[in-house]
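Reading through the structure tokens given below for one structure.
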Amino acid sequence: MKKFIMGLVCGAALATSATINASSEIQALLFPVKFQFNGASKELGSRFSALNYEGHTYVPLRFVAENLGAGAVYDAKAGMVSVVSEPKDADEAQHKIWAVKYRLERGMDQKEVKAVLGDPSFMTLIESSKQSVAL
């Protein structure tokens, strides 16, 4: 009888611990979603995923923030996510510098940085050199 009770107690302990472990997990569904920012459609791309959990849509903060002219920063030590915005009273060049610096600090590749700056062309180089001479 002692072995039976001991087996019952051990079985109950194992069942309870499995239930406690399982309760910290969530099950969400990846689903395709289209984004629109100020009327312009944007693709989510392969770097990000949108989730559906209990009827709520969870989207990547960095993707949304960057498409609204801001950025997202995660501080692991503090366990804090911050949304940082571009300088407000800056000209177009300062906005581009901020965006490139932001992307480089986050380890983004050359293609993403080029998307911010645009593809350099011979005509833009000539125009910028004319402006610098006129100044």
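The values are calculated or read from the model by the stated rules, or taken from the named source; none is laboratory data. These numbers were taken from a predicted model, which means no experiment stands behind them. Counting neighbours? That spans all protein chains shown, and the Cβs are built from the backbone with ideal geometry, glycine included. What goes into the accessible areas is simple: the full protein's heavy atoms, side chains included, and nothing from ligands, DNA or RNA. Shrake-Rupley method; radii C 1.70, N 1.55, O 1.52, S 1.80 Å.
Listed values, structure above:
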item	result
Residues located in the stretch 70-97, provided they are exposed (fewer than 14 other Cβ atoms within 10 Å of the Cβ) and assigned to a loop (DSSP other than H, G, I, E, B)	ALA76, LYS77, ALA78, GLY79, PRO87, LYS88, ASP89, ALA90, ASP91
ARG62, sole failed condition from (1) open to solvent by 70 Å² or more (accessible area, probe 1.4 Å); (2) modelled with pLDDT of 85 or more	(1)
Pair list, Cβ < 9 Å and 6+ apart or interchain, from the stretch 38-61 residues that are more than 19 Å from MET108 (Cβ to Cβ) and of a type in the set (S, T, N, Q) to residues that are at pLDDT below 90 and assigned to a loop (DSSP other than H, G, I, E, B)	ASN38/LEU68; SER41/LYS34; ASN52/ALA28; ASN52/PHE31; ASN52/VAL33; THR57/PHE31; THR57/VAL33
Some residue of the stretch 102-114 being closer than 12 Å to ALA70 by Cα, open to solvent by less than 70 Å² (accessible area, probe 1.4 Å) and at pLDDT below 80	yes
